[in-house]
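Step one of this worksheet: look at the structure below.
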Amino acid sequence: MRKIAIDYSWLGPTGIGRVASEVITRAPPDWQLTAVRDGRANAGPFTPLDLWLTLRRMHANLFWSPGFMPPVCRVSVPTVLTVHDLTHLHYYGRAKRTYYNAFIKALLSRVAHIVTVSDFTRHELLQWSGLPEEKVTMISNAVSPAFNHEGPSMGLPFPYILYAGNRRSYKNVEGLIKSFGMSKLAAQGYVLALTGNPSADLQQLAKQLKLEEHIHYFGFVSDKELPTLYRSAHALAFVSLYEGFGLPILEAMASGVPVVTSNLSSMPEVAGNAAVLVDPHDLTSIAAGLIEVSEDEAKRKELITKGLQRSATFSWDKTADKYWTLFSRFSN
């Protein structure tokens with residue numbers, strides 16, 4: 001039996017955690033899974049050192065980090081990393097950019113192989129790192145069967161356009177709120193609904209735009225509750241300035257919900273021809289997309305049909321099988 005060491009600290013209610021969980025739960029019976037770090041450990045500047053100190057004492061055939069953290073020194077255990085995006089190059093402070101440019105980049109040559117979750121991220125990683133193409137494989141994310149259009153809905157008394165995700169600057173939530181205001185959909189009874197709790201800056205923006213009654217916050221949403229949230233939505237608005245993949249696009253499509261998303265980075269790759277693509281830097285473009293998926297019934301039906309077909313081509317069973325085949329290839 002082969003033994004794989006996995007950095008379990010990435011597990012949790014995030015995109016990285018979703019990928020890790022889906023792959024781990026589909027482990028073949030001839031692999032033994034061992035946790036290198038548990039879910040209480042946080043990734044930080046000393047994580048590569050922590051990994052090296054741990055791995056050098058372990059007997060394993062392979063180490064997999066579901067996130068962008070290799071061990072600081074070469075170890076006898078072959079390492080496979082999954083890189084989800086390169087946001088640190090664009091949207092984080094100077095210290096983190098320097099850390100990745102001067103330190104993490106140099107460590108990548110020591111790993112056995114790297115997986116990216118989209119062709120966009122693969123191309124960006126190759127351009128940034130200078131690694132040979134054969135060292136990087138794209139294995140797409142997928143969508144869980146829990147997201148489907150046949151289950152119960154929430155039965156809320158208003159139609160809502162959903163944003164599901166965090167509030168980091170590149171998620172463009174303020175731009176979405178401004179565009180929702182420009183669309184005048186609030187006057188027709190539509191609500192813009194966000195996962196998470198209200199923040200002072202978003203509440204102030206809504207007040208300035210006279211949208212206080214038309215912005216709804218769902219608070220913390222568990223993985224179990226999330227499919228119902230999608231299924232009940234009138235549309236999904238996911239207009240980020242940057243994404244390494246964009247799981248909400250597929251989750252909404254699988255739920256039978258029309259999608260408005262951005263025309264840059266990985267999002268067109270994930271959406272295919274099954275979404276309304278907008279320029280996330282142009283509020284007018286976003287507003288027009290929101291209006292289209294709300295008022296054009298023929299377009300809505302077309303998007304729902306295409307979205308169901310598109311999302312069905314992404315399977316965690318297929319994705320996990322590719323991971324475990326790759327793990328077998330690079331294990332000792």
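Here the condition is being among the hydrophobic types (A, V, I, L, M, F, W, C), on the phi < 0 side of the Ramachandran plot and crowded, with 21+ Cβ neighbours inside 10 Å; of Val143, Val136, it holds for Val143 alone.
The residue that is farthest from the chain's Cα centre (by Cα), counting only those in segment 188-205 that are under 18 Å from Ala164 (Cβ atoms), without any contact (Cβ under 8 Å) to a residue 40 or more places away in the chain and not in a loop (DSSP other than H, G, I, E, B), is Val191. Could you check, for segment 287-301, whether at least one of its residues is touching a Gly at 6+ places or on another chain (Cβ under 8 Å) and among the β-branched types (Val, Ile, Thr)? No, that holds for no residue.
Among helices (runs of 4 or more DSSP H) entirely within segment 229-332, having at least 3 residues that are of a type in the set (Lys, Arg), more than 20 Å from Arg18 (Cβ to Cβ) and touching a residue at least 12 places away in the same chain (Cβ under 8 Å) singles out 297-311. Scoring Lys135 on the criteria (1) among the charged types (D, E, K, R); (2) assigned by TED's automatic domain parsing to the domain that holds Leu229; (3) closer than 30 Å to Ser315 by Cβ leaves a single failure, condition (2). When only residues in segment 1-24 that are in contact (Cβ under 8 Å) with a residue 12 or more places away in the chain and part of a loop (DSSP other than H, G, I, E, B) count, which is surrounded by the most Cβ atoms within 10 Å (Cβ to Cβ)? Among them, the one singled out is Leu11. Is at least one residue of segment 270-280 under 30 Å from Lys135 (Cα atoms), buried (at least 19 other Cβ atoms within 10 Å of the Cβ), in contact with a strand residue (DSSP E or B) (Cβ under 9 Å, 6 or more places away or on another chain) and in the same structural domain as Ala235 (by TED's automatic domain parsing)? So far as segment 270-280 goes, yes, one or more of its residues are under 30 Å from Lys135 (Cα atoms), buried (at least 19 other Cβ atoms within 10 Å of the Cβ), in contact with a strand residue (DSSP E or B) (Cβ under 9 Å, 6 or more places away or on another chain) and in the same structural domain as Ala235 (by TED's automatic domain parsing). Considering Arg110, Arg122, the condition of being at negative phi and touching a residue at least 40 places away in the same chain (Cβ under 8 Å) is satisfied by Arg110 alone. Within segment 75-96, residues that are over 26 Å from Trp324 (Cβ atoms) have Cβ atoms under 9 Å from residues that are surrounded by fewer than 18 Cβ atoms within 10 Å (Cβ to Cβ) and among the small types (Gly, Ala, Ser) in these pairs: Tyr91/Ser169, counting only partners at least 6 apart in sequence or on another chain.
The values are calculated or read from the model by the stated rules, or taken from the named source; none is laboratory data. Keep in mind it's a predicted model, so treat the numbers as computed, not measured. Cβ atoms come from the backbone with ideal geometry, glycine included; neighbour counts cover every protein chain shown.
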